[in-house]
Amino acid sequence: MAAVLAALAVGCTPPERSLVAVGRGTDGDLRAVLRPCADGAHMAKVSIRHVAEESGHSDPGVLEGWSVRPPDSVTGEQEIGVYQPPRNWRGAARPATTLSAAGFYAVEFVVGRESPEHGDIVVEYRGVARFKAAEVERLVPGRWWVDGKVMNREQFREHADDAC
């Protein structure tokens, strides 16, 4: 019985795919590249969150996270800032200028559609990346952290295509 319940739970969980790269853009700013499996795929939600065991007050300049919904017109590969979402995306974020050395960060986008009955998102799959501040802060522009490795943009695109 436990095996059946486990199989049902796994069947209900949308797949996570390595479709996000974090690194430095050409201007040196910390960026994330989000690459859905299809050029026409709409990202229903994009978020970044800080995961750490410590709790309590943090430095106001440290990124804690944000979650937004891109406009319907946003499809295909996107490059966005890590510290703040694009201005025309729905949601709010506290301004940040640095990453925390404690714990790690998770960047995620969701491809799916909004349920007309409930208004929530029916998720097809999630594009994810997890990283520590030390792993991305030392990167030079044009280099990207993906699945524990440093890659260039073309290598990331090939990696993402394989993950689809």
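When the chain is treated as a Gaussian network with alpha carbon springs shorter than 10 Å, the biggest mean-square fluctuation among Asp29, Asp72, Asp147 belongs to Asp72.
Simple spin-label estimate for Glu114 and Glu64 gives 2.7 nm between the two label positions (7 Å along the Cα-to-Cβ direction from each Cα).
Protein heavy-atom surface of region 61-118, 1.4 angstrom probe: 48% of the accessible area is carbon and sulfur, with nucleic acids and ligands not counted.
Would you mind checking the tilt of helix 153-163 against the longest principal axis of the Cα atoms of the chain, expressed as 0 to 90 degrees and rounded to 10? Compared with the principal axis, the helix lies near 20 degrees. Going by a ≥ b ≥ c, the root eigenvalues of the Cα gyration tensor, does region 107-164 fall in the rounded group (a/c under 1.5), the prolate group (a/b larger than b/c) or the oblate group? Cα axes put region 107-164 in the prolate bin. Volume per residue for the chain equals 152 cubic angstrom (convex hull of Cα atoms).
Which angle from 0 to 90°, rounded to the nearest 10, does the C-alpha axis of helix 2-12 make with the longest principal axis of the chain? Once rounded, one gets 70 degrees. A crude spin-label estimate for the pair Ala38 and Glu137, with each label 7 Å from Cα along the Cβ direction, gives 4.1 nm.
The values are calculated or read from the model by the stated rules, or taken from the named source; none is laboratory data. This structure is a prediction, so every number in the text was calculated from the model and none was measured. All Cβ positions, glycine included, derive from the backbone under ideal geometry; neighbour counts span all protein chains shown. When the accessible area is computed, the model is the full protein with side chains, heavy atoms only, and any ligands, DNA or RNA have been set aside. Shrake-Rupley method; radii C 1.70, N 1.55, O 1.52, S 1.80 Å.
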